[in-house]
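> Supplied in structure tokens, the structure appears directly below.
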Amino acid sequence: MRRFSTSYLDETRRGMWESRAALSPLSLADRDLVLDVGCGTGELSSVLCEESSGSVVGLDRDRSLLREVSVPTIQADAVELPVRDDAADLVVCQALLVNLSDADIDRALAEFVRCSSDLVAVIEPDNSAVNVESTVSEESDLAARAREHYISGVGTDVTLGAIPDRLREHGLTDVKTRRYDHVRTIESPYGERAVEAAKRKVTGSRIAQQRDTLLAGGMSDKAYESFRSGWREMGRAIVEAMHAGTYHRKEVIPFFVTVGRIV
Ligand SMILES: C[S@@+](CC[C@H](N)C(=O)[O-])C[C@H]1O[C@@H](n2cnc3c(N)ncnc32)[C@H](O)[C@@H]1O
């Protein structure tokens, strides 16, 4: 099972839903009970809670992440929800299906349909369309190379994005999709998280964590060693630029909100 740390989820999700227009098809103001499946540390659950007058429950298989969640939680598997039929009027997930095998995506969607009396929403990224711009010239290319090998090696479809046909196959109607670009910017003055991220690049620790996946994605041992050393060099250039106050990085991660209605 692919595990996510609280620090990773905190770093990658913080501020994601500052703009909430793409969530309007979820009709959050009209919801009575929302189930957030694969909620992780509950970044989306908190947004759902703020926008809905009803109750929100987070569900995840990883107990250690649920400790961080601010709404009531259930520890369970998305493919076998311990929830009665029609219990919620919205079942939603964010960046869950990209971590499941194709067969488990269908099992999870079947469970979402069974447990919802009204709407099912899936919010999934397309990691092949991520774009990084940086004042440190090599960062954009190195990030693209890491992403390419990661996508090939990871074993699930992390480029899933919009899946309207898949929702229709599960009997949902009135299916709508919206693109939402999650923009993450690092600029002066640099916060603690930006400094920590730069330090991780200097040590190459996150690249080391991904070693097996990068190798499975076609990188040779030798290419990996040289890639990691280039990555660390880039990290040092970033730290230097941060000291000079000239480092600027913008990353755009396209997410797709696909919503369907139970017949
Ligand atoms: C990328 S994280 C996304 C977390 C959260 N939805 C967010 O966007 O911040 C994926 C989450 O799905 C959970 N997960 C993966 N497979 C699962 C499964 N079969 N059942 C329940 N949760 C699962 C992981 O534990 C993790 O918390």
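> Can you name the helices (runs of 4 or more DSSP H) wholly within segment 39-121 that have at least 2 residues being more than 13 Å from the ligand (Cβ to nearest atom), assigned by TED's automatic domain parsing to the domain that holds Ala21 and not aliphatic (A, V, I, L, M)?
43-51, 102-115
> All but one of (1) open to solvent by less than 30 Å² (accessible area, probe 1.4 Å); (2) without any contact (Cβ under 8 Å) to a residue 12 or more places away in the chain; (3) not aliphatic (A, V, I, L, M) hold for Ser140, so report the exception by its number.
It fails just one condition, (1).
> Same structure again: From the list Met1, Met16, which one is within 25 Å of Asp118 (Cβ to Cβ) and near the ligand (Cβ under 8 Å from one of its atoms)?
Met16
> Condition test on Thr156, is it open to solvent by 20 Å² or more (accessible area, probe 1.4 Å), within 26 Å of Ser220 (Cβ to Cβ) and in contact with a helix residue (DSSP H, G or I) (Cβ under 8 Å, 6 or more places away or on another chain)?
yes
> Here's a follow-up. Select from segment 177-207 the residues that are surrounded by 15 or more Cβ atoms within 10 Å (Cβ to Cβ) and either in a helix (DSSP H, G or I) or in contact with a Cys (Cβ under 8 Å, 6 or more places away or on another chain) (or both) and list them in ascending order.
Ala194, Ala197, Ala198, Arg200, Lys201, Val202, Ile207
Here is a yes/no grid of residues against (1) in contact with an Asp or Glu (Cβ under 8 Å, 6 or more places away or on another chain); (2) modelled with pLDDT of 95 or more:
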{"site": "Gly161", "(1), (2)": "yes, yes"}
{"site": "Thr173", "(1), (2)": "no, yes"}
{"site": "Asp181", "(1), (2)": "no, yes"}
{"site": "Gly217", "(1), (2)": "yes, yes"}
{"site": "Arg236", "(1), (2)": "no, yes"}
{"site": "His243", "(1), (2)": "no, yes"}
{"site": "Thr258", "(1), (2)": "yes, yes"}
{"site": "Val263", "(1), (2)": "no, no"}
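> Among residues belonging to segment 77-105 that are among the aliphatic types (A, V, I, L, M) and closer than 22 Å to Ser7 by Cα, point out the one that is nearest to the chain's Cα centre (by Cα).
Applying the filter and picking the extreme gives Ala95.
The values are calculated or read from the model by the stated rules, or taken from the named source; none is laboratory data. Just so it is clear, the structure is predicted and the values come from calculations on it, not from any experiment. Cβ coordinates were reconstructed from backbone atoms using ideal geometry, including for glycine residues, and neighbour counts include every protein chain displayed. Note: areas computed on protein heavy atoms with side chains; ligands, DNA, RNA excluded. Shrake-Rupley method; radii C 1.70, N 1.55, O 1.52, S 1.80 Å.
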